[in-house]
Amino acid sequence: MSTSRTPGSSRDQRFAVISRRIVFVVGSVLLVAGVLAILADQVLLGIALIVVAALAVAWRGLWTVQRGRRALAGRDRAQVPDGPVRGAGAPAPVDDVVAALVGMNSDELPYTIDASPSADGVRVEVKWKHEEMRWQTLFVRGSQAYAWRMEVDLDPSKATYRFVEHSGTAAVRAAAGPLGAVAYGTWTWKKGKTTGGTSATFVEGADGQVRVTGPSGTRTSWEGAVMIKPADAKVPVFTVLRTNGWRPRRDWFGARLFEK
(Lines give C-alpha, C1' and ligand atoms only; values in the text may rest on other atoms or scores of the structure.)
Protein backbone atom coordinates (compact mmCIF):
# COMPACT_ATOMS: atom_id res chain seq x y z
CA MET A 1 0.00 0.00 0.00
CA SER A 2 1.39 3.38 -0.94
CA THR A 3 0.37 7.02 -1.04
CA SER A 4 1.56 9.40 -3.72
CA ARG A 5 2.68 12.84 -2.52
CA THR A 6 4.47 14.44 -5.43
CA PRO A 7 4.43 18.26 -5.76
CA GLY A 8 2.09 17.99 -8.73
CA SER A 9 -0.40 15.85 -6.83
CA SER A 10 -0.28 18.29 -3.88
CA ARG A 11 -1.21 21.18 -6.18
CA ASP A 12 -4.02 19.13 -7.69
CA GLN A 13 -5.26 18.23 -4.24
CA ARG A 14 -5.30 21.88 -3.11
CA PHE A 15 -7.16 22.88 -6.26
CA ALA A 16 -9.60 20.01 -5.77
CA VAL A 17 -10.35 20.97 -2.16
CA ILE A 18 -10.70 24.70 -2.89
CA SER A 19 -12.79 24.26 -6.04
CA ARG A 20 -15.02 21.70 -4.33
CA ARG A 21 -15.72 24.10 -1.45
CA ILE A 22 -16.34 27.02 -3.79
CA VAL A 23 -18.75 25.04 -5.93
CA PHE A 24 -20.55 23.72 -2.84
CA VAL A 25 -20.96 27.15 -1.22
CA VAL A 26 -21.75 29.12 -4.37
CA GLY A 27 -24.00 26.36 -5.71
CA SER A 28 -25.95 26.21 -2.45
CA VAL A 29 -26.40 30.00 -2.41
CA LEU A 30 -27.54 30.05 -6.04
CA LEU A 31 -29.93 27.17 -5.47
CA VAL A 32 -31.55 28.81 -2.45
CA ALA A 33 -31.68 32.16 -4.24
CA GLY A 34 -33.29 30.47 -7.24
CA VAL A 35 -35.99 28.86 -5.13
CA LEU A 36 -36.69 32.15 -3.34
CA ALA A 37 -36.88 33.98 -6.65
CA ILE A 38 -39.44 31.48 -7.97
CA LEU A 39 -41.50 31.83 -4.80
CA ALA A 40 -41.39 35.62 -5.33
CA ASP A 41 -42.84 35.17 -8.86
CA GLN A 42 -39.50 35.88 -10.53
CA VAL A 43 -39.60 32.57 -12.33
CA LEU A 44 -37.10 33.30 -15.11
CA LEU A 45 -34.52 34.63 -12.65
CA GLY A 46 -35.04 31.66 -10.35
CA ILE A 47 -34.65 29.14 -13.15
CA ALA A 48 -31.51 30.93 -14.40
CA LEU A 49 -29.90 30.77 -10.94
CA ILE A 50 -30.72 27.08 -10.54
CA VAL A 51 -29.32 26.32 -14.00
CA VAL A 52 -26.07 28.16 -13.18
CA ALA A 53 -25.75 26.15 -9.95
CA ALA A 54 -26.34 22.91 -11.85
CA LEU A 55 -23.74 23.84 -14.48
CA ALA A 56 -21.16 24.57 -11.77
CA VAL A 57 -21.75 21.16 -10.18
CA ALA A 58 -21.59 19.46 -13.59
CA TRP A 59 -18.30 21.20 -14.43
CA ARG A 60 -16.80 20.08 -11.14
CA GLY A 61 -17.92 16.52 -11.74
CA LEU A 62 -16.49 16.49 -15.27
CA TRP A 63 -13.14 17.71 -13.94
CA THR A 64 -13.01 14.73 -11.59
CA VAL A 65 -13.91 12.33 -14.42
CA GLN A 66 -11.27 13.76 -16.75
CA ARG A 67 -8.58 13.41 -14.08
CA GLY A 68 -9.58 9.81 -13.54
CA ARG A 69 -9.55 9.02 -17.26
CA ARG A 70 -6.09 10.55 -17.69
CA ALA A 71 -4.76 8.46 -14.81
CA LEU A 72 -6.11 5.25 -16.35
CA ALA A 73 -5.08 6.08 -19.92
CA GLY A 74 -1.47 5.21 -19.12
CA ARG A 75 -2.20 1.53 -18.54
CA ASP A 76 -0.18 -0.92 -20.60
CA ARG A 77 -1.72 -2.66 -23.60
CA ALA A 78 -0.80 -6.06 -24.96
CA GLN A 79 1.79 -6.12 -27.72
CA VAL A 80 0.54 -8.27 -30.58
CA PRO A 81 3.44 -10.49 -31.74
CA ASP A 82 4.84 -9.85 -35.21
CA GLY A 83 4.43 -12.51 -37.84
CA PRO A 84 3.07 -13.26 -41.29
CA VAL A 85 -0.62 -12.66 -41.87
CA ARG A 86 -2.38 -15.89 -42.77
CA GLY A 87 -5.58 -16.21 -44.75
CA ALA A 88 -8.59 -18.24 -43.69
CA GLY A 89 -7.53 -20.90 -46.20
CA ALA A 90 -4.21 -21.54 -44.46
CA PRO A 91 -4.74 -21.04 -40.69
CA ALA A 92 -2.00 -21.54 -38.15
CA PRO A 93 -2.06 -24.65 -35.92
CA VAL A 94 -3.95 -24.24 -32.67
CA ASP A 95 -0.76 -24.70 -30.62
CA ASP A 96 0.86 -21.72 -32.36
CA VAL A 97 -2.24 -19.60 -31.82
CA VAL A 98 -2.46 -20.48 -28.12
CA ALA A 99 1.26 -19.77 -27.66
CA ALA A 100 0.84 -16.34 -29.28
CA LEU A 101 -2.15 -15.49 -27.08
CA VAL A 102 -0.62 -16.63 -23.79
CA GLY A 103 2.67 -15.04 -24.78
CA MET A 104 1.09 -11.59 -24.61
CA ASN A 105 0.76 -11.89 -20.81
CA SER A 106 2.58 -9.30 -18.74
CA ASP A 107 2.53 -8.28 -15.08
CA GLU A 108 1.76 -4.74 -16.20
CA LEU A 109 -1.39 -5.67 -18.12
CA PRO A 110 -4.75 -5.21 -16.33
CA TYR A 111 -5.87 -8.67 -17.47
CA THR A 112 -4.51 -12.23 -17.84
CA ILE A 113 -4.79 -14.75 -20.68
CA ASP A 114 -4.89 -18.46 -19.88
CA ALA A 115 -5.62 -21.57 -21.96
CA SER A 116 -6.77 -25.08 -21.09
CA PRO A 117 -8.00 -28.14 -23.02
CA SER A 118 -11.75 -28.43 -23.60
CA ALA A 119 -14.07 -31.08 -24.99
CA ASP A 120 -13.96 -29.57 -28.50
CA GLY A 121 -10.44 -28.14 -28.52
CA VAL A 122 -9.02 -25.34 -26.38
CA ARG A 123 -10.66 -22.76 -24.14
CA VAL A 124 -8.89 -19.42 -23.77
CA GLU A 125 -9.93 -17.36 -20.76
CA VAL A 126 -9.22 -13.63 -20.69
CA LYS A 127 -9.81 -12.30 -17.19
CA TRP A 128 -9.55 -8.72 -15.91
CA LYS A 129 -7.60 -8.38 -12.71
CA HIS A 130 -9.34 -7.20 -9.53
CA GLU A 131 -10.79 -3.68 -9.73
CA GLU A 132 -12.20 -2.30 -6.49
CA MET A 133 -12.39 1.08 -4.79
CA ARG A 134 -13.46 1.98 -1.25
CA TRP A 135 -13.87 5.53 -0.02
CA GLN A 136 -15.07 7.57 2.92
CA THR A 137 -16.02 11.24 2.99
CA LEU A 138 -17.68 13.33 5.69
CA PHE A 139 -21.14 11.88 5.11
CA VAL A 140 -20.71 8.99 2.69
CA ARG A 141 -18.96 5.63 2.71
CA GLY A 142 -18.98 3.45 -0.34
CA SER A 143 -17.33 0.79 -2.43
CA GLN A 144 -17.38 -0.12 -6.10
CA ALA A 145 -16.04 -3.26 -7.74
CA TYR A 146 -15.97 -4.45 -11.34
CA ALA A 147 -15.31 -7.88 -12.82
CA TRP A 148 -15.02 -9.08 -16.42
CA ARG A 149 -13.88 -12.20 -18.19
CA MET A 150 -14.19 -13.64 -21.67
CA GLU A 151 -14.20 -17.29 -22.71
CA VAL A 152 -12.99 -18.03 -26.23
CA ASP A 153 -13.48 -21.61 -27.46
CA LEU A 154 -11.12 -22.67 -30.26
CA ASP A 155 -12.10 -25.48 -32.63
CA PRO A 156 -8.88 -26.85 -34.20
CA SER A 157 -10.76 -29.00 -36.73
CA LYS A 158 -12.22 -25.95 -38.47
CA ALA A 159 -9.90 -23.15 -37.25
CA THR A 160 -12.94 -21.29 -35.89
CA TYR A 161 -13.77 -19.73 -32.56
CA ARG A 162 -16.73 -18.56 -30.54
CA PHE A 163 -16.77 -16.47 -27.39
CA VAL A 164 -18.92 -15.14 -24.60
CA GLU A 165 -18.35 -12.39 -22.02
CA HIS A 166 -19.24 -12.22 -18.33
CA SER A 167 -19.51 -8.79 -16.66
CA GLY A 168 -20.13 -8.06 -12.98
CA THR A 169 -20.67 -4.92 -10.90
CA ALA A 170 -20.97 -4.59 -7.12
CA ALA A 171 -21.75 -1.32 -5.35
CA VAL A 172 -22.35 -0.42 -1.69
CA ARG A 173 -23.28 3.02 -0.36
CA ALA A 174 -23.90 4.25 3.20
CA ALA A 175 -24.80 7.89 3.89
CA ALA A 176 -25.75 9.95 6.93
CA GLY A 177 -28.12 12.87 6.52
CA PRO A 178 -30.73 14.94 8.33
CA LEU A 179 -33.25 12.08 8.11
CA GLY A 180 -30.86 9.47 9.44
CA ALA A 181 -28.54 6.86 7.95
CA VAL A 182 -29.24 5.16 4.63
CA ALA A 183 -27.44 2.14 3.19
CA TYR A 184 -27.94 0.06 0.09
CA GLY A 185 -26.07 -2.37 -2.11
CA THR A 186 -26.44 -3.68 -5.65
CA TRP A 187 -24.94 -6.59 -7.55
CA THR A 188 -25.37 -7.34 -11.25
CA TRP A 189 -23.90 -10.08 -13.39
CA LYS A 190 -24.43 -10.28 -17.15
CA LYS A 191 -23.56 -12.88 -19.75
CA GLY A 192 -23.38 -12.10 -23.45
CA LYS A 193 -21.38 -9.98 -25.85
CA THR A 194 -20.54 -6.29 -25.66
CA THR A 195 -19.09 -3.70 -28.00
CA GLY A 196 -17.30 -0.49 -27.07
CA GLY A 197 -18.41 -0.55 -23.44
CA THR A 198 -16.62 0.91 -20.41
CA SER A 199 -17.36 0.61 -16.69
CA ALA A 200 -15.77 3.30 -14.54
CA THR A 201 -16.05 5.13 -11.21
CA PHE A 202 -14.12 8.25 -10.14
CA VAL A 203 -14.09 9.52 -6.56
CA GLU A 204 -12.50 12.28 -4.49
CA GLY A 205 -12.26 12.29 -0.73
CA ALA A 206 -10.20 13.42 2.22
CA ASP A 207 -6.50 12.54 2.12
CA GLY A 208 -6.03 8.88 2.83
CA GLN A 209 -9.73 8.04 2.52
CA VAL A 210 -9.85 6.56 -0.99
CA ARG A 211 -8.39 3.07 -1.34
CA VAL A 212 -8.02 1.53 -4.78
CA THR A 213 -7.16 -2.09 -5.52
CA GLY A 214 -6.22 -2.60 -9.14
CA PRO A 215 -3.83 -4.43 -11.49
CA SER A 216 -0.81 -2.64 -10.02
CA GLY A 217 -1.71 -3.37 -6.40
CA THR A 218 -3.37 -1.33 -3.66
CA ARG A 219 -2.90 2.36 -2.99
CA THR A 220 -4.49 4.93 -0.69
CA SER A 221 -4.90 8.55 -1.72
CA TRP A 222 -7.28 11.52 -1.78
CA GLU A 223 -8.67 10.43 -5.15
CA GLY A 224 -9.26 7.19 -6.96
CA ALA A 225 -10.43 5.67 -10.21
CA VAL A 226 -11.35 2.15 -11.31
CA MET A 227 -12.25 1.18 -14.83
CA ILE A 228 -12.74 -1.88 -16.99
CA LYS A 229 -12.59 -1.43 -20.75
CA PRO A 230 -13.08 -4.83 -22.41
CA ALA A 231 -11.87 -3.57 -25.80
CA ASP A 232 -8.34 -3.19 -24.39
CA ALA A 233 -8.27 -6.98 -23.96
CA LYS A 234 -10.52 -8.07 -26.82
CA VAL A 235 -8.76 -6.20 -29.64
CA PRO A 236 -5.31 -7.83 -29.21
CA VAL A 237 -6.84 -11.29 -28.66
CA PHE A 238 -8.95 -11.20 -31.81
CA THR A 239 -6.15 -9.53 -33.77
CA VAL A 240 -3.94 -12.53 -33.02
CA LEU A 241 -6.69 -14.97 -34.01
CA ARG A 242 -7.50 -13.25 -37.29
CA THR A 243 -3.90 -12.65 -38.35
CA ASN A 244 -3.35 -16.38 -37.84
CA GLY A 245 -6.18 -17.23 -40.21
CA TRP A 246 -8.81 -18.10 -37.59
CA ARG A 247 -12.38 -16.84 -37.98
CA PRO A 248 -15.66 -16.99 -36.02
CA ARG A 249 -18.17 -19.58 -37.13
CA ARG A 250 -20.14 -16.88 -38.93
CA ASP A 251 -17.82 -14.11 -40.04
CA TRP A 252 -19.68 -10.96 -41.00
CA PHE A 253 -19.65 -7.24 -40.24
CA GLY A 254 -21.77 -7.61 -37.10
CA ALA A 255 -19.46 -10.28 -35.68
CA ARG A 256 -16.49 -7.94 -35.96
CA LEU A 257 -18.33 -5.23 -33.99
CA PHE A 258 -18.45 -7.48 -30.93
CA GLU A 259 -14.69 -8.02 -31.13
CA LYS A 260 -14.07 -4.38 -30.12
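The values are calculated or read from the model by the stated rules, or taken from the named source; none is laboratory data. Every value quoted in this text rests on a predicted model; they were computed, and no experiment measured them. Cβ sites come from the backbone with ideal geometry, for glycine too, and all protein chains shown count toward neighbours. Areas reflect the complete protein model, heavy atoms only, side chains present, ligands, DNA and RNA absent. Shrake-Rupley method; radii C 1.70, N 1.55, O 1.52, S 1.80 Å.
Brief remarks follow.
- Annotation: per residue accessible area for the range 94-257 equals 51 Å², rounded to a whole number [probe 1.4 Å, protein chains only].
- Taking label positions 7 Å along the Cα-Cβ direction at both THR239 and SER116, the computed distance is 2.8 nm, reported to one decimal.
- Residue among TYR161, ALA183, ILE228 farthest towards the positive dipole end of the range 143-235, charges placed on Cβ: TYR161
- A cut-off of 5 Å between modelled amide H atoms, ignoring neighbours fewer than 5 places along the same chain, links SER118 with ARG123.
- If the chain linking LYS260 and THR218 were pulled fully straight, counting 0.36 nm for each residue of separation and taking away their Cα-Cα distance, it would gain 12.2 nm.
- Of the solvent-accessible surface of the range 94-257, computed with a 1.4 Å probe and all protein chains present, 54% belongs to carbon and sulfur.
- In plain terms, the chain from VAL35 to ASN105 could stretch by 19.5 nm, reckoned as 0.36 nm per residue minus the Cα-Cα distance.
- Prolate/oblate/rounded label for the range 110-220 (Cα gyration tensor, a/c 1.5): prolate
- Added length on full extension, which subtracts the Cα-Cα distance from 0.36 nm per residue, ILE18 to THR186: 57.2 nm
- Only Cα sites of the range 92-166 enter the Debye sum here, all with the same form factor; the resulting log10 I(q)/I(0) across q = 0.13, 0.25 1/Å is -0.50, -1.14, listed in q order.
- Within a straight-line Cα-Cα reach of under 23 Å, LYS190 can be paired with the following lysines, leaving aside sequence neighbours fewer than 8 residues apart in one chain: LYS127, LYS129, LYS229, LYS234, LYS260.
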